[in-house]
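S.K.: This is the structure I want to talk about, given as structure tokens.
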Amino acid sequence: MLIVSSQLAVGQENTLTLFDIEQAPILAKNQAYLLVRVDVSGIAPSFNFAHILKKKGSYAFDSDKQKLGEKYAVSLKGVKTGFYLLAIKTGHYQITRVNAPFYNLPYWRPTNNVSWQFSISANKINFIGELNIANERGSDYISVNLFNRFATYQATMSEQLTLLLEQYALVNGKGIRDDFVEELEGN
């Protein structure tokens, strides 16, 4: 089930829920699929992301100067390891924070560099990577990563997305150029 508030006060976030691939929502106008592989641990992990606003004609996303638009929060509580979908607007996004509370140790990690950006292209399934929150942690450290595993999981994704791939192409939605994937796809 997708939960999105349409009337939000300034600074509030839309709350989104991940869908199993078999329960893919129907896309609205100007939407595409975000595909993420989740491998997380902890009591109530979640992540926040925001739409990156850019000046017309600008192709660079400088994390120090970027302006963020609509904000989203996604809970990963109770989510098992696997692939999940979101239906979101096309555009460029920045994962702004990963939350990984652990018992009485609330812990979050800012993610304000380019490796945490992704792009959503119209009429496509956009794989943004594998979000990994490791089991091992300390009172002041946690291992949180967004791995680019497009080539690693391409066969598995194609197998699991068979019905959706009849309508939408699977693309690498990671915000960073990936020469290996481009070579694999023959571009």
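The values are calculated or read from the model by the stated rules, or taken from the named source; none is laboratory data. Quantities reported herein were computed from a predicted structural model and do not represent experimental measurements. Cβ atoms come from the backbone with ideal geometry, glycine included; neighbour counts cover every protein chain shown.
S.K.: Across segment 70-118, which residue is surrounded by the most Cβ atoms within 10 Å (Cβ to Cβ) among those that are under 14 Å from the mean Cα position of the chain (by Cα) and either among the aromatic types (Phe, Trp, Tyr) or in a helix (DSSP H, G or I) (or both)?
M.R.: Step by step, filter segment 70-118, then rank; the result is 116.
S.K.: Continuing with this model, one more query. Residue 155 passes all but one of (1) assigned to a helix (DSSP H, G or I); (2) in contact with a strand residue (DSSP E or B) (Cβ under 8 Å, 6 or more places away or on another chain); (3) over 24 Å from residue 26 (Cβ atoms); (4) not hydroxyl-bearing (Ser, Thr, Tyr); which number fails?
M.R.: Every condition holds for residue 155 apart from (2).
S.K.: If you check residue 143 against the conditions, is it among the hydroxyl-bearing types (Ser, Thr, Tyr) and in a strand (DSSP E or B)?
M.R.: Numbers: among the hydroxyl-bearing types (Ser, Thr, Tyr): yes; in a strand (DSSP E or B): yes.
Here the answer is yes, as residue 143 does meet what is asked.
S.K.: Being touching a strand residue (DSSP E or B) at 6+ places or on another chain (Cβ under 8 Å), part of a strand (DSSP E or B), surrounded by 19 or more Cβ atoms within 10 Å (Cβ to Cβ) and modelled with pLDDT of 95 or more: is that true of residue 128 here?
M.R.: Judged against the criteria, residue 128 is a match.
S.K.: Report, by residue number, each residue of segment 17-38 that is touching a Phe, Trp or Tyr at 6+ places or on another chain (Cβ under 8 Å), outside any loop (DSSP other than H, G, I, E, B) and not small (Gly, Ala, Ser).
M.R.: Passing the criteria: 19, 20, 21, 33, 34, 35, 36, 37, 38.
S.K.: So for segment 95-105 (the condition being without any contact (Cβ under 8 Å) to a residue 40 or more places away in the chain and farther than 20 Å from residue 151 by Cβ), does at least one residue qualify?
M.R.: Within segment 95-105, one or more residues are without any contact (Cβ under 8 Å) to a residue 40 or more places away in the chain and farther than 20 Å from residue 151 by Cβ.
S.K.: Among the residues of segment 137-153, is there at least one that is among the acidic types (Asp, Glu) and modelled with pLDDT of 90 or more?
M.R.: Start the filter on segment 137-153 by keeping residues that are among the acidic types (Asp, Glu), which leaves 140.
After this cut, where a residue has to be modelled with pLDDT of 90 or more as well, the list is none.
Scanning segment 137-153, I find no residue that is among the acidic types (Asp, Glu) and modelled with pLDDT of 90 or more, so the answer is no.
S.K.: Right, here's the next one. Answer yes or no as to whether residue 141 is free of Cβ contacts under 8 Å to residues at least 40 places away in the same chain and touching a Pro at 6+ places or on another chain (Cβ under 8 Å).
M.R.: The answer is no for residue 141.
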